[in-house]
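A quick write-up on the structure given underneath.
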Amino acid sequence: MDGDDDIESLLLIAQLQLDDASEAQSRSTGKLREGSPSSDLQLALDSQVAFLHGYQRLLEDRKLAQSIDRALEQDQRMLGLFAAVDQGEQDDRQAALALSRGERLPPETQSQRSMPAVVALASQLDAEEDRAASDNDEETQVGSDAGPDWDSDETASMPGAFVPQMRRPATSRAEGSHGGRAECIICTERRRSSAMYRAPCGHLYCLGCLVDLVEACTRDETLYPLRCCQRELPEEDVLRRLTSRLRTKFSGKAVEFRVPATQRVYCINPHCSVFLGPAGEDNTYLVCLRCNASVCTGCRNEGHSGEMCRENEAVQLLETLATDNGWRRCAGCNAMVELSQGCYHMTCRCKHQFCYLCGERWKTCGCPQWDEGRLLTDANRRVVNEHGAQAAVRQPEQHAERVQEAMFQLRTNHACYAHTWAYRHGGGRCEECSFHLPQFLMRCRNCQLLVCRRCAQNRF
């Protein structure tokens, strides 16, 4: 008995023999007179039936023992992976602390160098689980549709998040099937729940989607801090699931993002532009460890010890460009913003609210709150996003009425402080990150904003 296939064959043979013996036993019993002693044949059949029952129990116990043995072997491999990840996490933490102090990164340790192999092995184990679950599906669900079946274009929703409403076959898609498998909130693929990351809000992320989120955060500050359903993800829990290179990259960006934008100092070398640190209260100069350029923290020009600060030429060019294009600088974080649609009420990524016309804090000036042309454009966008472009073509009069109603609502209540998401079938471009999705987008029931799934979960 070398494997499960052999045990299954022996169990089948034992069951067939037991059926035959039980049938012969029944026939033999029927020929005896009531009260007469059992014949030698009857005693032999009774003994054979008892033996076969015991043999079946022995095979079942052996099958269970082999299953436990495989589970222990798998757990031993996973424990080894966890130990390697833990050591790599400690080494990365030391590297991040050195980076935050402005020191050079220490040499990469063996644990850090082996992290890509560890992640690859974890992915391989996960893929093996997927194949095993897929084989099980084929055996138990012949002729059934195991894929998601959306109830309708609009699904049940909740503030700040979304809940996909799907009809699931009870035998295969129920929670806990396939040894504890669950669905990733981003890609909807089912994975081993023990290998997934659980956010504080309860949503589960597969390793690939978690890595994609962290990588996107290093390029887009609006995704920092990492969050899901407006609740921050503990960085320590996330970092220990990443490769050493991505952990170091994210830790460096986290140090940068924690510094107020107006206090950040970057290398003046346009081919470097690395973050050097906060400016501080007193003007001094910082030296870039990558290219050795020195930068004055006061004027952001090249270091000029003993000389007066002068206006930064790059800042002057940016201000001229902003004036020519009608851009406005946020007083909260110093970021340059551009109004593309809607009213003049601006809410920056730093949460500072101001008037786009004059830059003053919102509702502290006498500027008009909207431009009729921009208001009409935004109202039309909302109606098209809610009812579809084809509806505007088929029923132009009703579309015009809806646009007028949307304009009236925008004049009285233009802000959307709590997005409530629902699925909208059909591809399109995310209005936040410009990513194109071929099958569906998420639509806010309040402001009719169309976004991708990641923005719905991790941006708002």
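The values are calculated or read from the model by the stated rules, or taken from the named source; none is laboratory data. Note that the coordinates shown come from a computational prediction; the quantities given were computed from them, not determined experimentally. Cβ sites come from the backbone with ideal geometry, for glycine too, and all protein chains shown count toward neighbours.
Remarks
- When Thr248 is tested against the conditions (1) of a type in the set (S, T, N, Q); (2) free of Cβ contacts under 8 Å to residues at least 12 places away in the same chain; (3) in a helix (DSSP H, G or I), the lone failure is (2).
- Selection status of Arg33, at pLDDT below 80, farther than 23 Å from Ile68 by Cβ and part of a loop (DSSP other than H, G, I, E, B): yes
- Segment 247-297, residues that are farther than 27 Å from Val214 by Cα, of a type in the set (Gly, Ala, Ser) and surrounded by 15 or more Cβ atoms within 10 Å (Cβ to Cβ): Ala293, Ser294
- Candidates Met442, Met407, filtered to the one that is outside any loop (DSSP other than H, G, I, E, B), buried (at least 18 other Cβ atoms within 10 Å of the Cβ) and in contact with a Lys or Arg (Cβ under 7 Å, 6 or more places away or on another chain): Met442
- In segment 336-345, the count of residues that are in contact (Cβ under 8 Å) with a residue 12 or more places away in the chain, more than 22 Å from Thr412 (Cα to Cα) and in a loop (DSSP other than H, G, I, E, B) is one or more.
Listed here are the residues, each with its yes/no results for (1) of a type in the set (S, T, N, Q); (2) out of contact with any Leu (no Cβ under 9 Å at 6 or more places or on another chain); (3) under 20 Å from Gly426 (Cα atoms); (4) surrounded by fewer than 16 Cβ atoms within 10 Å (Cβ to Cβ).
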{"residue": "Pro368", "(1), (2), (3), (4)": "no, no, no, yes"}
{"residue": "Leu375", "(1), (2), (3), (4)": "no, no, no, no"}
{"residue": "Asp378", "(1), (2), (3), (4)": "no, no, no, no"}
{"residue": "Val384", "(1), (2), (3), (4)": "no, yes, yes, no"}
{"residue": "Arg402", "(1), (2), (3), (4)": "no, yes, no, no"}
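- Residue count for segment 346-382, restricted to those that are assigned to a helix (DSSP H, G or I), in contact with a helix residue (DSSP H, G or I) (Cβ under 7 Å, 6 or more places away or on another chain) and touching a residue at least 40 places away in the same chain (Cβ under 8 Å): 1.
- So Leu449, is it crowded, with 16+ Cβ neighbours inside 10 Å and modelled with pLDDT under 90: no
- Every residue from segment 415-427 that is on the phi < 0 side of the Ramachandran plot, over 17 Å from the mean Cα position of the chain (by Cα) and not hydroxyl-bearing (Ser, Thr, Tyr): Ala415, Cys416, Ala418, His419, Ala422, Arg424, His425, Gly427
- Of all residues in segment 197-228, those being closer than 17 Å to Arg240 by Cα and either of a type outside the set (A, V, I, L, M, F, W, C) or assigned to a strand (DSSP E or B) (or both) number 11.
- Test result for Leu289, under 37 Å from the mean Cα position of the chain (by Cα) and among the hydrophobic types (A, V, I, L, M, F, W, C): yes
- Candidates in segment 319-349 are the residues that are among the hydroxyl-bearing types (Ser, Thr, Tyr) and within 30 Å of the chain's Cα centre (by Cα); of these, the one that is surrounded by the fewest Cβ atoms within 10 Å (Cβ to Cβ) is Ser340.
- Candidate set from segment 188-202 (those that are buried (at least 21 other Cβ atoms within 10 Å of the Cβ) and not charged (D, E, K, R)); member that is farthest from Val259 (Cα to Cα): Met196
- Counting only residues that are within 30 Å of Thr420 (Cβ to Cβ) and either at pLDDT below 90 or crowded, with 20+ Cβ neighbours inside 10 Å (or both), segment 231-246 holds 2 of them.
- So Gly102, is it in the same structural domain as Ser244 (by TED's automatic domain parsing), under 44 Å from the mean Cα position of the chain (by Cα), modelled with pLDDT under 75 and not in a helix (DSSP H, G or I): yes
- Test: residue in segment 417-431 that is touching a His at 6+ places or on another chain (Cβ under 9 Å), surrounded by fewer than 13 Cβ atoms within 10 Å (Cβ to Cβ) and closer than 30 Å to Leu233 by Cβ: yes
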